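Working notes for the structure below.
The values are calculated or read from the model by the stated rules, or taken from the named source; none is laboratory data. Small disclaimer: the values here were computed from a predicted structure and weren't measured. Cβ atoms come from the backbone with ideal geometry, glycine included; neighbour counts cover every protein chain shown.
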Amino acid sequence: MSAIAAFYVFEHDDLEDLLEVSNPRGFNSFLESYATAQSDFGYSGYVFNDLDMLLEPEDASLFGSMGLRAESERLSAALGTSMALFDHDSAQSLLARLKAIKLKSKEVAELLELEHGSADPAHVEAVKAALAQAREWLGQVQPGSIGLLTIG
């Protein structure tokens, strides 16, 4: 089973319209109308969950308190999927923390072994690629815009 991880950028002024979305059809319609940038991740989106477990002890969780938490939780609950919203300031703050993190293959493999019972080298590389992708995505959030990470 797999999930898609994607990142969207839209204008901060459109945040309230996004938060009014209450179903997947409305969400897709919002993205078609308002997203100014969109990017998908080349691996399963589930590796972002593994990445987040590695980031939590560093106080750098993608789904933690660094972003627009209340808005993220509201949108996630409405659509039944994991979402994280970032304004420019929160994206830059989290990006600075992520840039300081150096994931070692051994530490990723240890987590995967613990969580999944195995540590396939391709899975290890996918988790490391997720960190690089998260850095790239957060760097796209400019003043006056919002970034939206979706896993689902």
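Could you check the stretch 116-144 and list, in sequence order, the residues that are surrounded by 20 or more Cβ atoms within 10 Å (Cβ to Cβ) and over 25 Å from residue 80 (Cβ atoms)? Let's see the steps before the verdict.
Let us first name the residues in the stretch 116-144 that are surrounded by 20 or more Cβ atoms within 10 Å (Cβ to Cβ), namely 124, 126-127, 130-131, 133-134, 137-138, 141.
Hits for the stretch 116-144 are 124, 131.
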Give the residue that is farthest from residue 76 (Cα to Cα), with candidates limited to residues of the stretch 143-152 that are out of contact with any Gly (no Cβ under 9 Å at 6 or more places or on another chain) and in contact (Cβ under 8 Å) with a residue 60 or more places away in the chain.
-> 144
Output for the stretch 116-152, where each listed residue is more than 12 Å from the chain's Cα centre (by Cα) and either part of a helix (DSSP H, G or I) or of a type in the set (D, E, K, R) (or both) = 116, 120, 121, 122, 123, 124, 125, 126, 127, 128, 129
The stretch 134-152, residues that are hydroxyl-bearing (Ser, Thr, Tyr) and over 14 Å from residue 45 (Cα atoms) = 145
Search the stretch 109-133 for residues that are over 11 Å from residue 47 (Cβ atoms) and pair each with any residue that is surrounded by fewer than 14 Cβ atoms within 10 Å (Cβ to Cβ) when their beta-carbon atoms are under 7 Å apart and the residues are at least 6 apart or on different chains.
-> 119/113
Being under 14 Å from the mean Cα position of the chain (by Cα) and among the hydroxyl-bearing types (Ser, Thr, Tyr) is the filter here, so list the residues in the stretch 13-57 that pass it.
-> 39, 43, 44, 46
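On the given criteria, is residue 100 aliphatic (A, V, I, L, M), over 23 Å from residue 3 (Cα atoms) and more than 12 Å from the chain's Cα centre (by Cα)?
In short, yes.
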Residue pairs qualifying under the 8 Å Cβ cut-off, at least six apart or on distinct chains, with the first in the stretch 56-75 being under 18 Å from residue 89 (Cβ atoms) and the second being modelled with pLDDT under 95 and among the aromatic types (Phe, Trp, Tyr), are 72/63
